[in-house]
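The values are calculated or read from the model by the stated rules, or taken from the named source; none is laboratory data. Here the structure is a predicted model, which means the values were calculated and not measured. Reconstructed Cβ throughout: ideal geometry from the backbone, glycine too, with neighbour counts over all protein chains shown.
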Amino acid sequence: MVRLPTKALTDRTEDIAPLAVGFVEQLAREGMPRKEISAGAIEILEAFSWPGNVRQLKNLLEQAVVGCDEPLITLEFVHHLLEGQVGNLGHCNLGQNTAATDSYNEAPRRRHEPTLCPSPASTSGEWTTLEAVERQHLLQTLEHTFYNRAAAARLLGISRQSLLRKMEKHRIEAPVLGTK
């Protein structure tokens, strides 16, 4: 057996910017809206701890491309998406050396050390079960896609059938739209 040691994305912050730009371009080639990502958005992506590694980064950028109404994905929009995934990011320090801004007249960006953001479990003092985390993530994704199951499955990286099974397992039902 051959083992190839790799570093976590958190330890390779220099790879985040080219990956982010590449993923946004790839999504545009696949028919999604063409977007650009601001320097401030890149900086917050570099400051975030990526427990899901590259797949989590790609999924977040897909959510940004689908959910952002503007042609530029901003720091504020990415912050909102990250906050939705991990709870309060107010405790996340972008670092003293960051120049996180979306201004086009920004000062040169300075490198910083990535910081770990607390998980929802560590802030409450009790561990959240994996089942509860999965249910909450499913609900957030479904709400984000307005319960479009195909889009939600795409964002989650699973088949539509797998999503339907998980919805059944967690007793999640799509809201019924009434007529007036």
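Some points to look at:
- Residues in the range 141-150 that are buried (at least 19 other Cβ atoms within 10 Å of the Cβ) and among the hydrophobic types (A, V, I, L, M, F, W, C): Leu142 only.
- Condition check for Ala41: under 21 Å from Ile158 (Cα atoms), modelled with pLDDT of 90 or more and either assigned by TED's automatic domain parsing to the domain that holds Leu142 or under 12 Å from the mean Cα position of the chain (by Cα) (or both): no
- Within the range 148-180, tally of residues that are modelled with pLDDT under 85 and more than 24 Å from Gly67 (Cβ to Cβ): 3
- Within the range 13-28, restricting attention to residues that are under 21 Å from Asp69 (Cβ atoms) and surrounded by fewer than 18 Cβ atoms within 10 Å (Cβ to Cβ), the residue that is modelled with the lowest pLDDT is Ala28.
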